[in-house]
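In what follows, a single structure is set out as structure tokens and then discussed.
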Amino acid sequence: MENKYPLVWHKDDFQIKVFCSIPNIATGILIKASDNYFIVDPGDGILRDLNSEIGTKNILDVSDIFISHGHHDHVGGVWTLLTYMRVLQKSTPLSLHFPKGCKEIISIYRAFEQVYSNSIPYKIILNEIPDTKEFKSSKGLTIKPFPVIHKEILNDRVTKQQVPAIGFTFEHDGKKICYGGDTAYCIELENAAKGCDLAVIEAGHDEEEEGPDDMHMTLEEAKKIGNSAKEYFLVHIPE
Ligand SMILES: [Zn+2]
Ligand SMILES: [Zn+2]
């Protein structure tokens with residue numbers, strides 16, 4: 001099964017566009033709530049997609065970037081965005097929301113600060129998310145993070161280790177989108193997706209591999225969760 005990207009969904013003035021979501025390659029998601037844009041999991045290619053979709057002014061106006069976890073297919077575009085916003089003179093603050101302990105984002109931020117310390121025209125706010133507490137963005141989006149199960153294989157090629165990883169529900173004007181990020185089947189995702197207007201659910205499990213891998217969901221698992229929402233997209237399917 002292969003997805004045709006981009007995937008677009010909207011209800012009234014709440015919209016999501018998944019430019020792409022391909023495991024090990026890139027993710028890139030844009031949410032629009034009223035006139036405000038939010039970026040989710042900016043993988044490689046995000047700037048190109050945003051540039052053709054919303055243009056420079058709207059990119060510079062973005063106030064929040066949400067990151068589910070630090071794998072390269074979800075954060076590959078962060079450096080590019082930070083640098084683009086510097087070069088094009090963004091003047092409003094930018095919040096980076098990411099799971100507590102996500103070394104990739106902290107390292108990218110520190111390197112950026114170090115390299116351009118004297119010439120960053122906008123304020124960067126790091127929101128290292130420690131728990132599942134709901135919070136609001138400055139632009140009217142309500143966000144509720146939830147923990148997910150997502151592991152990676154260590155150098156011995158056997159041991160699996162949980163990475164800091166979360167999913168989000170995004171709520172605007174009574175409508176709710178659930179984005180699980182990368183995750184194995186888990187109760188937290190099950191609860192978060194239930195009843196949402198849209199669930200964006202990964203089905204990244206390699207179908208040739210048998211049994212749960214603690215990293216991704218099978219198509220069957222993903223559909224089961226998707227079906228508990230009013231509508232759903234399956235993403236991150238291996239190509
Ligand atoms: Zn991924
Ligand atoms: Zn991942």
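Please treat every number below as a calculation from the coordinates, not as lab data. From a predicted model like this one, the values you see are computed outputs, not experimental measurements. Using ideal geometry, Cβ is built from the backbone for each residue, glycine included, and neighbour counts are taken over all protein chains shown.
Taking other residues whose beta carbon is less than 14 angstrom from the beta carbon of ILE120, and scoring Lys, Arg as +1 and Asp, Glu as -1, yields +3. For LYS133, the lysines whose Cα falls under 22 Å of its own Cα, not counting residues fewer than eight places away in the same chain, are LYS100, LYS103, LYS144, LYS175, LYS176, LYS194. For the range 51-56, backbone phi angles converted through the Karplus equation (6.51, -1.76, 1.60; θ = phi - 60°) give residue-by-residue couplings of 4, 7, 7, 10, x, 4 Hz, Gly and Pro being listed as x.
Taking amide hydrogens as placed 1.01 Å from N in the peptide plane, the amide H of ASP64 sits under 5 Å from those of ILE39, SER95, each at least 5 positions away in sequence or on another chain. Sorted into 5 angstrom bins from 0, the C-alpha pair distances of the range 181-239 split as 4, 23, 34, 23, 11, 5, 1 percent.
Counting only DSSP beta bridges whose two residues both lie in the range 64-166, roughly 45 percent are antiparallel.
With the charge dipole of the chain set up from +1 on Lys and Arg Cβ and -1 on Asp and Glu Cβ about the Cα centre, the Cα lying farthest toward the positive end among the listed residues PRO164, ILE46, PRO238 is that of ILE46. Tally Lys and Arg at +1 and Asp and Glu at -1 over the other residues with C-beta under 10 Å from the C-beta of LYS90: what net charge comes out? Value of the local net charge: +1. Take the Cα pairs of the chain, get the Kirkwood Rh, then feed it into Stokes-Einstein at 25 °C and 0.890 mPa s and tell me D in µm²/s. So the translational diffusion coefficient is about 137 µm²/s.
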